[in-house]
Amino acid sequence: MERTEAEKLLDKYANGNCTEEELAILHTWYLEQELSVPQISAEEVEMAKQQVWNKLPIHDATISKTVKLFPSRLINRIAVAAVVVLSLSVGYYFIQKEQLNSSSQIAKQEQILPGGNKAVLTFADGSAVDLNQITNGVLREDHGAKIFKTKDGQIYYTNNDNEHTKAIGWNTLSIPAGGYYNVTLSDGTIVWLNAKSSLKYPTEFTAKERIVELSGEGYFEVAHRKNQPFKVITEHQTVEVLGTHFNINAYQDEQSTTTTLLEGSVRINAAGVEKLLAPNQQAKLSAGKMTITSYSASNAIDWVNNDFIFDNESLSSIMRKISRWYNVEISYPTNLSNIEFTGSISRSKNITQVLKIMELTGMVNFKVEGRRITVIP
């Protein structure tokens, strides 16, 4: 940083007129100086370190076993700066600092933005609409149901009792890569659909069972109906409930189908086996075998809360999630596929920020060319 530039920024900082970008540059310059702060005790530094750590975008990241995402020497330097410059926004600064100073190829690429509300709705007669291209309000009536679109990325169905008909129609809500959407079915059940997923369902539930078909990933909050069980059919299993909250991940490119229960109870039928799940349990169906383990329900619905949460998750699994959400093509050497990460990243960040955070581990790097990403050792 040139002296005149530094003086101008310092003047603006003293007057409280710095933008966030200027703060990032100023604090980056400040931390790069070999400053000594003798008036700060070791205890104060340690306390600041903990406060800073709690604000960082990933609190605990490991690869394989115990490799932390943020080396302790960097945490110490940031901690000292946090004591001296109390107004420093560490999380924002840290990401900006890495982007400004990094020689990584991804910092030089055009931003790839995160996904958003995107979906195509196919009606019973085979016609379809892109929900991003139509106005909010009533979409149409289909077999006795009125279909509405709201401004916040959802559709919902209502039935007119005076126009009740047994001739129901089936609709399909399809989510592309880089999208998500939610639908409130005619019984009041709410379903969130993740990227590259689809849900097929009737416009009205008139049969003895409420049946829907899922491909990809969906989070369900099923409306209770005592005498009309709700069934979710995927390629390899059927999940039956009366009224409960659960998540199903049934992507075809995953090695297993997982069902995670948040509340209530569900019965899973697959490969001739029937299992009951309790809250905070996950059923994993792989190669025709089902296993049940304890699992954090909040981790299973991280995507609903617009987060990525990785818990000793392999690089290959993480890259599939990133590929779906950002609508990019990713390739990596097979010898890297089992590297494991633990941590959390907001899905609202552009892909550059996500990849840079992963690069800080020192175990992987990324090359971005258009919408193609290559993982490099």
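The values are calculated or read from the model by the stated rules, or taken from the named source; none is laboratory data. If you're wondering where the values come from, they're calculated on a predicted model, not measured in any experiment. All Cβ positions, glycine included, derive from the backbone under ideal geometry; neighbour counts span all protein chains shown.
Scanning region 351-369 for residues that are more than 20 Å from the chain's Cα centre (by Cα) and of a type in the set (Val, Ile, Thr) gives 361, 364, 368. In region 110-131, the residues that are under 27 Å from residue 355 (Cβ atoms) form Cβ pairs under 6 Å with partners that are of a type in the set (A, V, I, L, M) and crowded, with 16+ Cβ neighbours inside 10 Å, at six or more places apart or across chains, as follows: 112/351; 115/195; 119/131; 119/173; 119/175.
Only residues that are among the acidic types (Asp, Glu) and over 23 Å from the mean Cα position of the chain (by Cα) were counted across region 206-255, and they come to 3. Assess whether residue 238 counts as being surrounded by fewer than 16 Cβ atoms within 10 Å (Cβ to Cβ), modelled with pLDDT of 95 or more and under 17 Å from residue 221 (Cα atoms). For residue 238, the condition - surrounded by fewer than 16 Cβ atoms within 10 Å (Cβ to Cβ), modelled with pLDDT of 95 or more and under 17 Å from residue 221 (Cα atoms) - is met.
Could you say whether any residue in region 303-310 is within 12 Å of the chain's Cα centre (by Cα), surrounded by 15 or more Cβ atoms within 10 Å (Cβ to Cβ) and farther than 18 Å from residue 197 by Cβ?
Going through region 303-310, the residues within 12 Å of the chain's Cα centre (by Cα) turn out to be 303-310.
Filter once more, so that each one left must be surrounded by 15 or more Cβ atoms within 10 Å (Cβ to Cβ): 303-304, 307-310.
Now narrow it down to the ones that are farther than 18 Å from residue 197 by Cβ: 309-310.
Yes.
Scanning region 191-224 for residues that are surrounded by fewer than 16 Cβ atoms within 10 Å (Cβ to Cβ) and basic (Lys, Arg) yields one hit, 208. Of all the criteria given as (1) in a loop (DSSP other than H, G, I, E, B); (2) of a type in the set (Phe, Trp, Tyr); (3) within 28 Å of residue 348 (Cα to Cα), the one not satisfied by residue 148 is (1). If we scan region 199-211, do we find a residue that is in contact (Cβ under 8 Å) with a residue 60 or more places away in the chain and either over 23 Å from residue 177 (Cβ atoms) or not in a strand (DSSP E or B) (or both)? Yes: region 199-211 contains one or more residues that are in contact (Cβ under 8 Å) with a residue 60 or more places away in the chain and either over 23 Å from residue 177 (Cβ atoms) or not in a strand (DSSP E or B) (or both).
If you check 293, 260 for being touching a strand residue (DSSP E or B) at 6+ places or on another chain (Cβ under 7 Å), under 19 Å from residue 197 (Cβ atoms) and in a strand (DSSP E or B), only one passes: 260. Selection of first residues in region 291-306 that are modelled with pLDDT of 95 or more and of second residues that are loosely packed, with under 13 Cβ neighbours inside 10 Å and among the acidic types (Asp, Glu), restricted to Cβ pairs under 6 Å at least 6 apart or on distinct chains, gives an empty result.
Annotation: residue 349 fulfils all but one of (1) outside the structural domain of residue 234 (by TED's automatic domain parsing); (2) at positive phi; (3) modelled with pLDDT under 95; the unmet one is (2).
The number of residues in region 174-187 that are of a type in the set (A, V, I, L, M) and buried (at least 23 other Cβ atoms within 10 Å of the Cβ) comes to 2. Any residue that is touching a residue at least 24 places away in the same chain (Cβ under 8 Å), β-branched (Val, Ile, Thr) and under 21 Å from residue 215 (Cβ atoms) - is there at least one of those in region 307-315? No, because not a single residue in region 307-315 is touching a residue at least 24 places away in the same chain (Cβ under 8 Å), β-branched (Val, Ile, Thr) and under 21 Å from residue 215 (Cβ atoms).
Residue-by-condition table, conditions (1) among the basic types (Lys, Arg); (2) surrounded by fewer than 19 Cβ atoms within 10 Å (Cβ to Cβ); (3) out of contact with any Gly (no Cβ under 6 Å at 6 or more places or on another chain):
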{"position": "231", "(1), (2), (3)": "yes, yes, yes"}
{"position": "247", "(1), (2), (3)": "no, no, yes"}
{"position": "252", "(1), (2), (3)": "no, yes, yes"}
{"position": "259", "(1), (2), (3)": "no, no, yes"}
{"position": "266", "(1), (2), (3)": "no, no, yes"}
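Does residue 285 qualify as being in contact with a Phe, Trp or Tyr (Cβ under 9 Å, 6 or more places away or on another chain), in contact (Cβ under 8 Å) with a residue 24 or more places away in the chain and buried (at least 20 other Cβ atoms within 10 Å of the Cβ)? It is false that residue 285 is in contact with a Phe, Trp or Tyr (Cβ under 9 Å, 6 or more places away or on another chain), in contact (Cβ under 8 Å) with a residue 24 or more places away in the chain and buried (at least 20 other Cβ atoms within 10 Å of the Cβ).
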